[in-house]
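The values are calculated or read from the model by the stated rules, or taken from the named source; none is laboratory data. In this text the structure is predicted, and so the values were computed from the model without any measurement. Neighbour counts are summed over all protein chains in view; Cβ atoms, including those assigned to glycine, are modelled from backbone coordinates with ideal geometry.
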Amino acid sequence: MSLLGWRSCLCVWADGENSMGERGVIETKDLVKAYGKFIAVDKLNLRVDEGEIFGFLGPNGAGKTTTILMLLGLTEPTSGAARICGFDPTREPLKVKRITGYLPEKVGFYEDLTATENLEYIAALNNLPRDVTSRKISELLDMVGLSEMSGKKVGTFSHGMKQRLGIADVMIKDPKVAFFDEPTAGIDPEGIDQVLTIITNMAKQKVTIVLSSHQLHQVQKICTRVGILSKGHLVAEGSVDQLGRETIGGGKFRIEVQVSEPTSKLVKSIKNIKGVTNVESSGDLLLICCDKDLRPQIARTVVDSDSLLVQMKIEEYGLDDIYMKYFREQ
Amino acid sequence: MSGLMAIFWKELADHFSSKRFIILSLLIYMAGVATIYVAAQNIRSGVTETTQFIFLRLFIVSGETIPFSFPFFLSLFIPIVGIALGFDAINSERTSGNLSRILSQPLYRDSVVNGKFLAGLVTLAILVASIVVLVAGMGLRMIGVPPTAEEILRLFAFIFVSIIYGAFWMSLAVLFSVFFGRTATSALASIALWIFLFLFMSMIAGAIAGAIVPIDQNSSLELVAHNDEIYRTISRISPSTLYGETVQVLLMPELGNPSLTLMLISMYAGGMIPTPLPLGQSLLIIWPQLTSLIALTALCFAGSYIRFMREEIRST
């Protein structure tokens with residue numbers, strides 16, 4: 001990067017900080033990574049706060065891994081800036097690596113060493129004292145359900161077991177931020193469940209987690225927020241509910257009410273509730289669009305009328321729908 | 001620093017427990033013992049009352065059953081050991097998916113290269129030193145002539161030069177392991193280069209020298225010397241020539257300068273018996289060869305360093 005370029009991006013950074021106020025654990029400002037003419041990540045602005053589980057979604061080649069590598073200092077950004085807890089991964093890689101854990105997509109271990117020996121090596125690289133190491137390793141292996149395998153060579157492990165060992169490997173240095181690149185790829189449903197439970201427990205200990213995945217149902221289950229990346233752009237960001245309302249419901253809540261005898265009077269009185277924008281009736285079903293969650297008010301209106309309320313549910317948006325909608329539109 | 005030492009100890013343990021290394025060392029020990037045994041059997045021939053450096057002769061005499069001397073065997077095996085220690089240093093870590101895991105730990109990237117190189121160097125040093133000491137001890141028992149102080153010093157210099165020679169091949173192999181993604185490619189590239197430099201370089205040098213200064217049986221002494229000078233200059237491109245000359249000067253003190261010119265002059269100047277050079281003079285003669293070897297090693301090391309520091313580390 002030219003001197004001028006670096007300076008200008010510092011300025012941009014300073015501006016951003018003022019407007020954002022408190023610092024996020026992970027922040028990027030116009031982060032760009034180009035391979036020759038191909039732009040893998042294009043002006044990415046991202047912010048993840050402490051204790052969040054941030055789901056990083058997008059098709060293959062969208063730039064998810066490249067972004068993670070830039071955040072870890074494993075590759076240099078072409079331009080823009082990234083900060084992890086205020087440290088620049090390119091200029092202060094050691095400070096960043098001391099507080100971040102990374103589970104790569106294709107994680108590998110030394111197959112000739114046992115699970116414990118592999119973790120001991122990582123602990124040694126982190127300069128952890130020996131007495132702490134052995135206690136911690138047995139705790140972690142217990143946590144990921146591998147304590148019985150601690151003395152076995154990693155070469156004999158299944159993919160799911162290696163993945164869980166990878167999580168123990170990430171945890172050994174007590175990271176503040178953990179990156180998981182496709183942690184559930186290629187493991188069986190039970191294994192996926194185990195992995196996700198462990199990750200959720202990590203987040204409870206105030207570890208900020210970035211998770212890239214294709215398994216939308218799983219991501220939906222545990223992520224507090226998701227970002228959808230497409231061709232290097234962050235096309236959508238927010239909680240799954242919020243994204244669903246914005247992309248599919250046009251920003252509205254949709255409530256489905258089943259009543260015993262829908263009358264036009266009832267429809268009219270529901271329409272009169274403040275915030276309701278539209279009511280459609282088909283048979284005994286009423287489809288109500290409103291600006292906010294008006295279920296209590298609607299329930300009272302139905303009960304006050306002569307009709308009986310059979311059931312009422314608010315429409316929930318699946319990540320699948322949101323995801324497909326984004327990529328169909330393109 | 002802690003990261004460097006952790007990598008160093010792990011790599012050292014890996015080397016000494018790897019089958020590859022155990023097989024190679026056994027082979028070298030066997031070859032060493034066999035050559036020294038044959039040398040001890042044949043050492044009586046050519047030894048007169050005035051012969052100096054009898055102990056060193058043990059290392060240069062070859063017999064009829066095994067027509068190679070110990071240094072020749074070593075010059076054959078050291079590159080193989082060097083290559084075996086280095087050819088998969090970086091790319092095997094990458095393909096196994098360990099590299100991105102290791103490099104996301106708080107250590108500088110150079111610690112990985114340094115730690116691996118250092119561990120290889122120590123392994124090499126232990127192997128070379130142990131084999132030379134082993135055969136020296138065996139020779140001592142067999143011929144019963146104790147080495148003089150100078151002979152011991154020359155043997156130490158020989159060990160040192162051999163380690164440097166191995167370090168060159170190791171750093172070359174490490175360089176290839178950084179540049180080539182597959183371990184098979186880097187191994188084959190290193191071995192191909194070794195075969196080229198070891199076997200073909202002298203042939204090429206001979207052909208070029210013959211083309212520039214053609215000689216036949218009736219050529220004048222001057223012309224022959226000129227041809228030899230060109231031949232040697234070209235073949236010195238090959239590190240194996242550099243090593244060969246260095247070993248020759250160290251273990252055959254009476255030979256003096258490895259150049260044919262001086263040998264011919266001393267022979268024609270009235271059939272003088274060549275007097276052995278003192279150690280200091282021998283070292284002075286091999287100084288250019290030794291520094292070239294060290295420089296080549298440093299060059300390969302620097303190359304792998306520069307490439308590795310800027311590389312993107314992907315797990316796939």
(message) I need a count of the residues in region B:295-315 that are away from chain A (no Cβ under 14 Å) and either loosely packed, with under 13 Cβ neighbours inside 10 Å or on the phi > 0 side of the Ramachandran plot (or both).
(response) 3
(request) State which residue pairs qualify: first residue assigned by TED's automatic domain parsing to the domain that holds A:Lys64 and inside region A:192-210, second residue in a helix (DSSP H, G or I) and loosely packed, with under 12 Cβ neighbours inside 10 Å in any location, beta carbons under 9 Å apart, and separation of 6 or more residues or different chains. (result) none
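When the residues of region A:125-158 are filtered to those that are polar (S, T, N, Q) and surrounded by 13 or more Cβ atoms within 10 Å (Cβ to Cβ), which remaining residue is nearest to A:Glu190 (Cα to Cα)? Can you show your working first?
Quick first cut of region A:125-158, residues polar (S, T, N, Q) only: A:126-127, A:133-134, A:138, A:147, A:150, A:156, A:158.
Then drop every residue that is not surrounded by 13 or more Cβ atoms within 10 Å (Cβ to Cβ), which leaves A:126-127, A:133-134, A:138, A:147, A:150.
Values: A:Asn126: 32, A:Asn127: 35, A:Thr133: 29, A:Ser134: 28, A:Ser138: 23, A:Ser147: 18, A:Ser150: 21 Å.
Result: A:Ser147.
Each row is one residue, and each column tells you yes or no for (1) in contact with a Phe, Trp or Tyr (Cβ under 8 Å, 6 or more places away or on another chain); (2) more than 14 Å from chain B (Cβ to nearest Cβ); (3) within 15 Å of A:Thr114 (Cβ to Cβ).
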| residue | (1), (2), (3) |
| --- | --- |
| A:Met143 | no, yes, no |
| A:Ser147 | no, yes, yes |
| A:Ser150 | no, yes, yes |
| A:Lys153 | no, no, yes |
| A:Thr156 | no, yes, yes |
| A:His159 | no, no, no |
| A:Lys162 | yes, no, yes |
| A:Leu165 | yes, no, yes |
| A:Lys173 | no, no, no |
(request) Output the residues belonging to region A:271-288 that are in contact (Cβ under 8 Å) with a residue 24 or more places away in the chain, within 19 Å of A:Gln311 (Cα to Cα) and not in a loop (DSSP other than H, G, I, E, B). (result) A:Leu285, A:Leu286, A:Leu287, A:Ile288
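So how many residues does region A:110-152 have that are on the phi > 0 side of the Ramachandran plot and either small (Gly, Ala, Ser) or not assigned by TED's automatic domain parsing to the domain that holds A:Thr200 (or both)? If you could, list the steps in order and put the result at the bottom.
Pass one, region A:110-152, residues on the phi > 0 side of the Ramachandran plot: A:127, A:145.
Still in the running and either small (Gly, Ala, Ser) or not assigned by TED's automatic domain parsing to the domain that holds A:Thr200 (or both): A:145.
Adding up the residues that qualify gives 1.
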(message) Quick check on region A:86-102: of everything there that is within 11 Å of chain B (Cβ to nearest Cβ) and hydrophobic (A, V, I, L, M, F, W, C), which residue is surrounded by the fewest Cβ atoms within 10 Å (Cβ to Cβ)?
(response) A:Leu94
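Here is a yes/no grid of residues against (1) more than 30 Å from B:Gly115 (Cα to Cα); (2) acidic (Asp, Glu); (3) modelled with pLDDT under 80:
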{"position": "B:Val47", "(1), (2), (3)": "yes, no, yes"}
{"position": "B:Val61", "(1), (2), (3)": "yes, no, yes"}
{"position": "B:Glu64", "(1), (2), (3)": "yes, yes, yes"}
{"position": "B:Ser69", "(1), (2), (3)": "yes, no, no"}
{"position": "B:Phe73", "(1), (2), (3)": "no, no, no"}
{"position": "B:Leu76", "(1), (2), (3)": "no, no, no"}
{"position": "B:Glu93", "(1), (2), (3)": "no, yes, no"}
(request) State whether one or more residues within region A:269-284 are within 29 Å of A:Leu229 (Cα to Cα) and surrounded by 12 or more Cβ atoms within 10 Å (Cβ to Cβ). (result) no
(request) Say whether the condition of being among the small types (Gly, Ala, Ser) and closer than 18 Å to B:Glu11 by Cα is met by at least one residue in region B:151-170. (result) yes
(message) Can you list the helices (runs of 4 or more DSSP H) lying wholly within region B:49-132 that have 2 or more residues being farther than 29 Å from B:Gly3 by Cβ?
(response) B:54-60, B:70-86
(request) Please go through region A:93-102 and pick out each residue that is of a type outside the set (A, V, I, L, M, F, W, C) and either within 20 Å of A:Thr66 (Cβ to Cβ) or not assigned by TED's automatic domain parsing to the domain that holds A:Asn45 (or both). (result) A:Pro93, A:Lys97, A:Thr100, A:Gly101, A:Tyr102
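Okay, residues lined up against (1) surrounded by 14 or more Cβ atoms within 10 Å (Cβ to Cβ); (2) among the small types (Gly, Ala, Ser); (3) without any contact (Cβ under 8 Å) to a residue 24 or more places away in the chain:
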site	(1), (2), (3)
B:Phe176	yes, no, no
B:Ala184	no, yes, yes
B:Leu193	yes, no, yes
B:Phe198	yes, no, no
B:Ile208	yes, no, no
B:Ile215	yes, no, yes
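Go over the candidates A:Ile199, A:Ile137 one by one and state the one that is part of a helix (DSSP H, G or I), of a type in the set (A, V, I, L, M, F, W, C) and closer than 29 Å to B:Met5 by Cα. Show your work before the answer.
On the way: A:Ile199 fails: closer than 29 Å to B:Met5 by Cα.
Criteria check complete, one pass: A:Ile137.
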(message) Return the residues of region A:119-133 that are touching a residue at least 12 places away in the same chain (Cβ under 8 Å) and either more than 15 Å from A:Met171 (Cβ to Cβ) or within 28 Å of the chain's Cα centre (by Cα) (or both); say none if nothing qualifies.
(response) A:Leu119, A:Ile122, A:Ala123, A:Asn126
(request) Examine region A:49-68 for a residue that is over 30 Å from A:Leu319 (Cα atoms), outside any loop (DSSP other than H, G, I, E, B) and more than 13 Å from every other protein chain (Cβ to nearest Cβ), and state whether such a residue exists. (result) no
(request) Restricting attention to region B:208-259, report how many residues are assigned to a helix (DSSP H, G or I), within 18 Å of the chain's Cα centre (by Cα) and among the aliphatic types (A, V, I, L, M). (result) 5
(request) Enumerate the pairs (first residue in region A:56-80 and basic (Lys, Arg); second residue anywhere and assigned to a loop (DSSP other than H, G, I, E, B)) with beta-carbon separation below 6 Å, excluding pairs fewer than 6 apart on the same chain, so at least 6 apart or on different chains. (result) A:Lys64/A:Gly58
(request) Could you please let me know if A:Ala185 is within 14 Å of chain B (Cβ to nearest Cβ), within 22 Å of A:Val219 (Cβ to Cβ) and surrounded by fewer than 20 Cβ atoms within 10 Å (Cβ to Cβ)? (result) yes
(message) Could you check region A:103-118 and list, in sequence order, the residues that are more than 7 Å from chain B (Cβ to nearest Cβ) and free of Cβ contacts under 8 Å to residues at least 12 places away in the same chain?
(response) A:Glu117
(message) If I go through region B:77-98 residue by residue, how many of them are acidic (Asp, Glu) and at the interface with chain A (Cβ under 9 Å from one of its Cβ atoms)?
(response) 1
(request) Would you point out the residue of region B:99-142, among those that are aliphatic (A, V, I, L, M) and within 14 Å of chain A (Cβ to nearest Cβ), that is nearest to B:Lys19 (Cα to Cα)? (result) B:Ala119
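Examine region A:197-212 for a residue that is more than 26 Å from A:Lys136 (Cβ to Cβ) and at pLDDT below 85, and state whether such a residue exists.
The initial filter retains those residues of region A:197-212 that are more than 26 Å from A:Lys136 (Cβ to Cβ), namely A:212.
Next, from what is left, pick out any that are at pLDDT below 85: none.
No, there is no match, as no residue in region A:197-212 is more than 26 Å from A:Lys136 (Cβ to Cβ) and at pLDDT below 85.
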(request) Give the residues of region A:163-181 that are surrounded by fewer than 20 Cβ atoms within 10 Å (Cβ to Cβ) and in contact (Cβ under 8 Å) with a residue 12 or more places away in the chain, sorted by residue number. (result) A:Lys176
